[in-house]
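The next block holds one structure in the form of structure tokens; read it before the comments.
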Amino acid sequence: MKEKIILAVSLLFGIAALLLTTQYLKSKEADFNEEIAKIYAGAKKVKVVVASQSIPGGTIISKNDLALSSVFQSAAGSHAITAEDFRSILGKKTLFPLKRGDVVSWAFIEGGLPTGGGLSSLITPGLRAISISVGGASAVSGMVQPKDNVDVLGTFAFPSQESPGQMETVTLSVLQDVTVLATGQKIARQSLAQRNSRYNSSGYNTVTLEVTPREAELLVFAQKMKGSLTLALRHPTDVTWKRDLPAVNFDLLQNELPAINLERQRNIRHKKDL
């Protein structure tokens, strides 16, 4: 009987010790997680391009080779390719093999980051870079960024066709589907360190566009006229082009406004009962 009591007491002590040890370990785990949370509190995450599968060196990169992943900026490296440059490396060749999940760096891509981060190497041969004065609301509240596609609208004072000798205000689409190369001093394909520097985080009042030589002349002339230029931001995949958009003046606004609103409700809001 005495041996059974001793055995039972031993088991109780063993269970108690196990419970206390488990509780202690959970407490330490909670403390550890709390310290980890403190370390990463406020740490910035960025979306970067990663290899979605193993990619041999010398491979022409396709969309299926890449994916996006959110990582801490400190782990990404300053030359990691960010989400906004995803399409920029399609069709380029890898210099080194990549394993699935590896963060893709400009150093792994043929051509790499332009020397010194300059703008000239980003311009498509045959095209030109030209800066226009635009900022604030005219640049979609400053949210237009390098690699975005925009339409350029202009508002000018033209001689009135209806009232000779008088001027009238006219708004028209100057250019459609234009690529933005830079906003202020911030250019596409900068390193993460450059993108997040205090200098580049400030606002801007100029936007640099990639245009043909003829379009460059047109924009220079438009800037010299009495008026202003405004940007309309597009979805990244939208390459549509509208033919024969009318110039908007007071008469058109007054006469066509009901038809414009009807078109919106039918074609955008898909209200079939109108």
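The values are calculated or read from the model by the stated rules, or taken from the named source; none is laboratory data. All figures in this text were calculated on a predicted structure; none of them were measured in a lab. Cβ: placed from backbone, ideal geometry, glycine included. Neighbour counts: every protein chain shown.
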Looking at (1) modelled with pLDDT of 70 or more; (2) in a helix (DSSP H, G or I); (3) within 30 Å of residue 96 (Cβ to Cβ), can you tell me which one residue 22 breaks? (3)
May I ask you to list the residues in the range 155-185 that are of a type outside the set (A, V, I, L, M, F, W, C) and under 36 Å from the mean Cα position of the chain (by Cα)? 155, 169, 171, 173, 176, 177, 179, 183, 184, 185
If the requirement is being outside the structural domain of residue 184 (by TED's automatic domain parsing) and assigned to a helix (DSSP H, G or I), which of these qualifies: 253, 218? 253
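Return the total of residues in the range 150-161 being surrounded by 20 or more Cβ atoms within 10 Å (Cβ to Cβ) and not aliphatic (A, V, I, L, M).
Pass one, the range 150-161, residues surrounded by 20 or more Cβ atoms within 10 Å (Cβ to Cβ): 150, 152, 154.
Restricting the remaining residues to those that are not aliphatic (A, V, I, L, M) gives 154.
So the answer is 1.
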Only one of (1) at pLDDT below 70; (2) in contact with a helix residue (DSSP H, G or I) (Cβ under 7 Å, 6 or more places away or on another chain) is not met by residue 12, so which one is it? (2)
Give the residues of the range 221-242 that are part of a loop (DSSP other than H, G, I, E, B) and within 28 Å of the chain's Cα centre (by Cα), sorted by residue number. 234, 235, 236, 237, 238, 239, 240, 241, 242
Give just the number: which of (1) surrounded by 18 or more Cβ atoms within 10 Å (Cβ to Cβ); (2) at pLDDT 90 or above; (3) polar (S, T, N, Q) does residue 138 not satisfy? (2)
Mind checking which residues of the range 214-250 are of a type outside the set (A, V, I, L, M, F, W, C), surrounded by 12 or more Cβ atoms within 10 Å (Cβ to Cβ) and under 24 Å from residue 168 (Cα atoms)? 217, 223, 227, 228, 230, 249
Residue selected from the range 238-268 under the condition in contact with a strand residue (DSSP E or B) (Cβ under 9 Å, 6 or more places away or on another chain) and of a type in the set (S, T, N, Q), by the criterion farthest from residue 137 (Cα to Cα): 240
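Name the residue, out of 126, 165, that is among the small types (Gly, Ala, Ser), modelled with pLDDT of 85 or more and assigned to a loop (DSSP other than H, G, I, E, B).
On the way: 165 fails: modelled with pLDDT of 85 or more.
Criteria check complete, one pass: 126.
If a residue must be among the basic types (Lys, Arg) and modelled with pLDDT under 85, how many such residues does the range 219-268 contain?
As a first pass, look at the range 219-268 and keep what is among the basic types (Lys, Arg): 224, 226, 234, 242-243, 264, 266.
After this cut, where a residue has to be modelled with pLDDT under 85 as well, the list is 226.
Total satisfying the criteria: 1.
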Residue under evaluation residue 84, criteria (1) over 24 Å from residue 122 (Cα atoms); (2) modelled with pLDDT of 70 or more; (3) surrounded by 13 or more Cβ atoms within 10 Å (Cβ to Cβ), criterion not met: (1)
